[in-house]
1. Any residue in the stretch 195-203 that is part of a strand (DSSP E or B) and either more than 27 Å from residue 128 (Cβ to Cβ) or in contact with a Gly (Cβ under 7 Å, 6 or more places away or on another chain) (or both)?
2. Going by the structure shown, is residue 15 polar (S, T, N, Q) and over 29 Å from residue 142 (Cβ atoms)?
3. Would you mind stating whether residue 97 is open to solvent by 50 Å² or more (accessible area, probe 1.4 Å) and among the small types (Gly, Ala, Ser)?
4. Mind listing just one residue for me: the one in the stretch 93-132 that is polar (S, T, N, Q) and in contact (Cβ under 8 Å) with a residue 24 or more places away in the chain and, of those, nearest to residue 49 (Cα to Cα)?
5. What number of residues within the stretch 119-144 satisfy the criterion of being assigned to a helix (DSSP H, G or I), closer than 24 Å to residue 5 by Cα and of a type outside the set (Lys, Arg)?
6. Here are some conditions: (1) exposed (fewer than 14 other Cβ atoms within 10 Å of the Cβ); (2) of a type in the set (Phe, Trp, Tyr); (3) closer than 30 Å to residue 45 by Cα. Residue 149 meets all but one. Which one does it not meet?
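The values are calculated or read from the model by the stated rules, or taken from the named source; none is laboratory data. Owing to the predicted nature of the structure, the values given are computational and were not obtained by experimental measurement. All Cβ positions, glycine included, derive from the backbone under ideal geometry; neighbour counts span all protein chains shown. Each accessible area value is taken on the protein alone, full model and side chains, heavy atoms only, with ligands, DNA and RNA left out. Shrake-Rupley method; radii C 1.70, N 1.55, O 1.52, S 1.80 Å.
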Amino acid sequence: MMNKIIKDYSKSFLNHGDSPKSVMWPKGRQEERFKALLRFVAKENHFSILDYGCGLAHLVEYLEKNFKKYDYTGCDIVDDFIKHNSSKFKQCTFFNSINQKIKLNYDCTVVSGAFNLLYSEDEVEHKKIVYDTIKMLFRHTNKILSINFMTDQVDFQSSNAYHQNVKDLYDFCFENITRRLNIDQTYMPYEFTITLFCNQEIQIPINTYTI
């Protein structure tokens with residue numbers, strides 16, 4: 001399945017070039033996803049960011065318009081994307097996440113649609129891969145991990161797509177990763193973003209989380 005995904009993306013890139021169509025996102029919605037993924041990132045502070053499943057790194061252009069100081073790293077499984085991105089965004093770092101494991105920690109990690117195509121013909125196996133990957137990414141994150149999913153509350157699902165149940169994901173993250181999290185279902189009807197916060201320190205005696 002993974003080899004098929006790589007071939008499909010490479011073919012799409014060959015047909016559509018540097019376009020949201022190449023990463024199989026409908027045109028005009030990426031900015032809304034990016035806004036939700038980075039909702040809790042302070043615009044005035046310097047931060048490092050890992051874009052996991054970066055595709056054609058369109059997030060860089062959003063960062064350039066909306067944030068002052070950042071160090072961007074993108075990883076993907078499609079070599080054609082990595083080569084294109086490295087040439088276009090010379091100030092950023094890119095690597096193939098199949099050939100190279102994540103070694104560093106980042107202030108912010110984002111995943112925009114990387115889990116939407118099934119990695120296995122068995123959806124249960126795909127879900128296990130997704131949940132294991134979330135735990136791995138959280139270990140390499142210093143502040144926030146934000147992930148975009150398609151919800152399972154839809155009228156239609158294609159055979160190769162993964163639609164995540166919101167409650168199941170919430171329960172998993174709350175019980176296994178962090179009790180401090182946010183789910184945003186306000187920006188699109190069939191997608192949502194979950195943000196996991198690394199800092200769970202509570203300010204006593206007022207009983208609020210620290211910033």
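1. Looking for residues that are part of a strand (DSSP E or B) and either more than 27 Å from residue 128 (Cβ to Cβ) or in contact with a Gly (Cβ under 7 Å, 6 or more places away or on another chain) (or both), one finds at least one in the stretch 195-203, hence yes.
2. Details: polar (S, T, N, Q): yes; over 29 Å from residue 142 (Cβ atoms): yes.
Judged against the criteria, residue 15 is a match.
3. Here the answer is no, as residue 97 does not meet what is asked.
4. Checking each candidate, the answer is 109.
5. From the stretch 119-144, those assigned to a helix (DSSP H, G or I) are 123-139; that's our starting set.
Subsequent filtering for residues that are closer than 24 Å to residue 5 by Cα retains 123-137.
Then keep just the ones that are of a type outside the set (Lys, Arg); that gives 123-126, 129-134, 136-137.
Residues in the stretch 119-144 being assigned to a helix (DSSP H, G or I), closer than 24 Å to residue 5 by Cα and of a type outside the set (Lys, Arg): 12 in total.
6. (1)
This table checks each residue for (1) open to solvent by less than 80 Å² (accessible area, probe 1.4 Å); (2) aliphatic (A, V, I, L, M); (3) farther than 20 Å from residue 94 by Cβ.
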{"residue": "5", "(1), (2), (3)": "yes, yes, no"}
{"residue": "17", "(1), (2), (3)": "yes, no, no"}
{"residue": "23", "(1), (2), (3)": "yes, yes, no"}
{"residue": "41", "(1), (2), (3)": "yes, yes, yes"}
{"residue": "44", "(1), (2), (3)": "no, no, yes"}
{"residue": "49", "(1), (2), (3)": "yes, yes, no"}
{"residue": "61", "(1), (2), (3)": "yes, no, no"}
{"residue": "71", "(1), (2), (3)": "no, no, no"}
{"residue": "76", "(1), (2), (3)": "yes, no, no"}
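Residue-by-condition table, conditions (1) farther than 20 Å from residue 177 by Cβ; (2) hydroxyl-bearing (Ser, Thr, Tyr); (3) out of contact with any strand residue (DSSP E or B) (no Cβ under 7 Å at 6 or more places or on another chain):
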position: 110; (1), (2), (3): no, no, no
position: 116; (1), (2), (3): yes, no, no
position: 120; (1), (2), (3): yes, yes, yes
position: 123; (1), (2), (3): yes, no, yes
position: 128; (1), (2), (3): no, no, yes
position: 136; (1), (2), (3): no, no, yes
position: 141; (1), (2), (3): no, yes, no
